[in-house]
Amino acid sequence: MKTVNRRHVLMIGAGAAALGLVGLDIHPALAEGKADELIKAFTGGAAPQEGRVTISAPEIAENGNTVPVSVSVESAMSGDDVVESVMLVAEGNPNPGVATFNFSSMSGQAGASTRIRMAKTQRIIAVAKMKDGSTYMGAKTVKVTIGGCGG
Amino acid sequence: MADPKPRVKVPKTASKGDVITIKTLISHKMETGLRKGKDGKPIPRKIINTFTCEFNGQQVFSTNLEPAVSANPYLEFSVKVEESGTFKFTWIEDDGATYSKEQEITVN
């Protein structure tokens with residue numbers, strides 16, 4: 001009986017350790033999965049085409065608490081060539097959603113700027129949804145020296 | 001913290017058909033809900049989650065904000081103006097409180 005017990009204890013211990021390791025390993029992947037899910041929910045399942053969307057942000061952000069980010073989409077903003085909305089996603093944040101800008105035919109140009117928090121070095125993705133339902137995306141990697149998500 | 005104070009920068013005049021740039025800022029902590037206080041308990045999330053801009057009663061721009069937007073959320077966007085009128089900017093907080101500011105523009 002005693003040996004069985006010991007074996008059990010060992011197995012449980014090993015199992016827990018393995019779980020812990022797996023948990024740590026998949027964490028970043030999980031966050032990126034969340035980003036993909038967000039983008040899918042935004043585009044309605046379609047994979048956005050590359051192009052037309054430009055993100056301007058610093059190459060290196062010293063302070064992840066306020067990273068200035070501008071996004072612009074090539075569009076005439078008249079007739080059918082209208083950008084309805086643009087979603088900003090920070091892949092490596094605990095919650096990847098950042099902001100969604102909703103434009104109108106009175107916007108003149110499809111562009112907006114804001115300041116965002118970034119937890120670590122990561123890719124920022126912007127997805128634009130056009131009036132005709134097509135979607136475009138652009139991405140930019142920003143190096144973050146000090147993360148800005150509290151904690 | 002003191003009450004959130006909205007600030008906006010809109011040109012006073014513009015020519016018809018001009019695309020003007022509007023800059024807005026509101027003083028707000030944008031508490032993410034991820035931070036922990038001194039007692040080790042998480043500080044509840046409290047952010048500005050929606051911003052809208054109306055021109056003469058018609059919505060021209062809006063934004064949904066997540067906790068990843070920095071404290072004192074700053075927004076810059078553009079509007080094409082065809083006539084004189086009033087911009088109304090509204091910020092909505094998680095608990096439903098709203099802050100707004102109006103600004104006139106003369107278009108000639």
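The values are calculated or read from the model by the stated rules, or taken from the named source; none is laboratory data. Source: prediction; values computed, not measured. So basically every Cβ, Gly included, is an ideal-geometry build from the backbone, and we count neighbours across all protein chains shown. What goes into the accessible areas is simple: the full protein's heavy atoms, side chains included, and nothing from ligands, DNA or RNA. Shrake-Rupley method; radii C 1.70, N 1.55, O 1.52, S 1.80 Å.
General observations
- Taking every protein chain into account, the 1.4 Å probe leaves A:S56 with about 70 Å² of accessible area, to the nearest ten.
- Efficiency of FRET from Cβ geometry, A:T121 and B:T21, R₀ 35 Å, rounded to 0.05: 0.70
- Report summary: the helix-based calculation at 222 nm, which adds -39500 (n - 2.57) for every DSSP H run with n ≥ 4 and divides by the residues of the protein assembly as shown, gives -6000 deg cm²/dmol.
- For residues of A:109-121, the mean tally of beta carbons on other chains within 10 Å: 5
- Each residue of segment B:13-23 is assigned a 3J(HN,Hα), and the resulting list reads 10, 7, 8, 4, x, 5, 9, 9, 9, 10, 10 Hz, derived from the Karplus form 6.51 cos²θ - 1.76 cosθ + 1.60 (θ = phi - 60°), x at Gly and Pro.
- Counting Lys and Arg as +1 and Asp and Glu as -1 over every other residue whose Cβ lies under 13 Å from the Cβ of A:S105, the net charge comes to -2.
- Computed from the Kirkwood radius of its Cα pairs, the Stokes-Einstein diffusion coefficient for the protein assembly as shown at 37 °C and 0.692 mPa s stands at 163 µm²/s.
- Solvent-accessible ranking of A:T114, A:T145, largest area first, probe 1.4 Å: A:T145, A:T114
- List B:E31, B:E102, ordered by accessible area with a 1.4 Å probe, largest first: B:E102, B:E31
- Cross-link reach list, aspartates and glutamates versus B:K9, counting only Cα pairs under 13 Å and skipping chain neighbours closer than eight places: B:E76, B:E102, B:E104
- Label zone at A:A47, where the point sits 7 Å out along the Cα-to-Cβ direction: segment A:124-146 residues whose backbone N lies under 17 Å: A:126-128, A:134-139
- The local environment of B:T98, defined by Cβ-Cβ distances under 15 Å, has a net charge of -2 under the rule Lys, Arg +1 and Asp, Glu -1.
- Relative to the Cα centre, the charge distribution of the protein assembly as shown, modelled as +1 at Lys and Arg Cβ and -1 at Asp and Glu Cβ, gives a dipole magnitude of about 1280 debye.
- Out-of-range pairs (alpha-carbon distance over 25 Å; input B:K46/B:K88; A:K120/B:K101; A:K34/A:K129): A:K120/B:K101
- Cα centroid separation, segment A:42-67 to segment A:80-114 (Å): 10 Å
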